[in-house]
1. Please work out how many pairs of lysine residues in the chain are eight or more positions apart (or on different chains) and have Cα atoms closer than 22 angstrom.
2. Can you compute the label reach from Y86? Point 7 Å from Cα along the Cβ direction, backbone N cut-off under 12 Å, restricted to the range 317-355.
3. Taking θ = phi - 60°, what integer Hz values does the Karplus form 6.51 cos²θ - 1.76 cosθ + 1.60 yield along the range 78-89, in sequence order, with x for Gly and Pro?
4. Calculate one ³J(HN,Hα) per residue across the range 184-195 by plugging θ = phi - 60° into the Karplus curve 6.51 cos²θ - 1.76 cosθ + 1.60, and present them in order as whole Hz with x for glycine and proline.
5. Calculated FRET efficiency, Q214 and A384, Cβ-Cβ r, R0 35 Å, to nearest 0.05?
6. Between L197, L304, L312, which gets the highest mean-square fluctuation from a Gaussian network model of the chain, Cα cutoff 10 Å?
7. Along the principal axes of its C-alpha atoms, what lengths does the range 82-214 span, in descending order and rounded to whole Å?
8. Separation between the L261 and S193 pseudo-spin-labels, each 7 Å from Cα along Cα→Cβ, expressed in nm?
Amino acid sequence: MVNTAKATLSRWASAYETTDKYIIWIVLALSAFGTVAVYSAISFLARTKSDGNTERFLFAHIIRVVLALGVMGVVSLINYRTLAKYSRIALVVSVMLLAAVQIIGIRSGGAERWLEFGMFGFQPSDLAKVALVLYLSHLLVRKQEYIKTFNTAFLPIIAWVLLTVVMIGIDDLSTAAMVLLVAIIMCFVGRVSVIHLGALGLVGLLLGSALIMQSPNRAARIEAYMGVKIFPHTTEEDVFSARAEGYQEEQAKIAFAMGGLTGVGPGKSTQRDFLPAPYNDFIFAIVAEEYGLIGAFGLLSMYLILLYRGILRIARGAPDPLGLVLAVGLVSMLALYGFVHAGVACGLFPVTGLPMPFVSYGGTSMLANGVMIGILLNIVRESANR
C-alpha cells in the first residue's frame, strides 16, 4: 500500500515537471475567481430554492471544481492517442444519449437538455463535444493522404460532424453552433479543401436557419438582438416587451454600467437579483459589475493566455499531427466559449446560454472542461518525453 502510494505520488510529480505550468495556473486562477463570483451571484437561487442557504450551492460548486481538477489530473496521465483510438465509441454513445434526451430528457431553461439517472443528472452535449473533437482529430490525421477528396475524406467527416451538431442543436442551438465552428477550424488546420469547408459552413447555416424557424423562442431571441421583427412565427410582445427576450441583454448592460472601471466591490452586485441565471449564463456580467472593466479584462486575459499557450506552445510543439489538430480543437473550444460568453454579456452576440469555462456554476460542463485541459496537458507531457 505504501509503495503504491509512493509510486502514484512520484508519477504525479513527474507529470507536473513535464507539463505546461501556465495552463495549470490559469485553470486554478479561473476556478478560484469563478468560485468567488458564483458565491456572490448564487444568492437569488439560494433564496428561491434553499431558504437563503448560499453555502449549500457554494459547497456544491466547490465539489464540482475539485472533481473537474481531479479529472484533469487523471486524464493528463492517459496517452491522448489512446483516447483518440477509442473516441468513435464515445461519440456513438454520445449520439445515442442525445437521442435519449428527446425521449426521457429533463426540461431545463425551456429545452430538454438533461438526462437523469437517480440523483445524477448530466448533459450529453458536453460529452458529445469532447468526443467529436477527439474523433474528428483521428479522422483528419488518418485521411491526410487523400484529405482533399470528397467521397473518401470529406463525406465521412461531414457525416459525423453534422450528425452530432444536429442532435445537439435540436435543443441547444448555441452549443451546436460552437461545435460546428470548432470543427471547421480543425478541418482548416487538417488541410480540408476550402471549397469543402465552405460547403460545410453553408450546410450549417441552412440547418441553423431551419432550427430557428421551428422555434419561436429562438426566432424571438434573434429578433430582439437585431431590434427588428423578421420572422412570421413570433409576436411583437415576445420580442419587444420589457420582460421579453431583450430583458437579459438590458440587465447585463446595466451591470456593466454599474461596475464602471473598478466595480462596486465583491459581493455587492445588485443585478444578480434581476439577471436570469447570473451564476451561469451571465456570470461575466456579475464580474463586470463587482470588479469593473479592470476585473473583466483581467478575466478575459486568462483565456487569451490559454489560447496563446494552446496554439503556440502545445499545438506547435505537439509530437505528431494528431496532437497538433487535437490541441487546436480543444483550446479553440475552451477559449471560444469564454469569449462568446463575454460577448453575450456585452450585447455583442444574441443570448446563448453558454457557460464560461471554469467560472460559471455547472456540473457536466465543468467536468468536460477538466477532460479537455487534461488532454492538452498530456500532449505537452508526450512532447517532453519523445
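1. Step by step, the pairs that qualify in the chain add up to 6.
2. Hits in the range 317-355 for Y86 at 12 Å: none.
3. 9, 4, 4, 5, 5, 4, 5, 4, 9, 5, 4, 4
4. Rounded to whole hertz, the list is 5, 4, 5, 5, 5, 5, x, 6, 5, 3, 4, 5.
5. About 0.10, to the nearest 0.05.
6. Result: L312 has the largest fluctuation of those listed.
7. 47, 39, 19
8. 5.5 nm
Here, each number is a calculation from the coordinates, and none is a lab measurement. Just so it is clear, the structure is predicted and the values come from calculations on it, not from any experiment. Because the Cβ atoms are built from the backbone with ideal geometry, glycine has one as well, and the counts that use them run over all protein chains shown.
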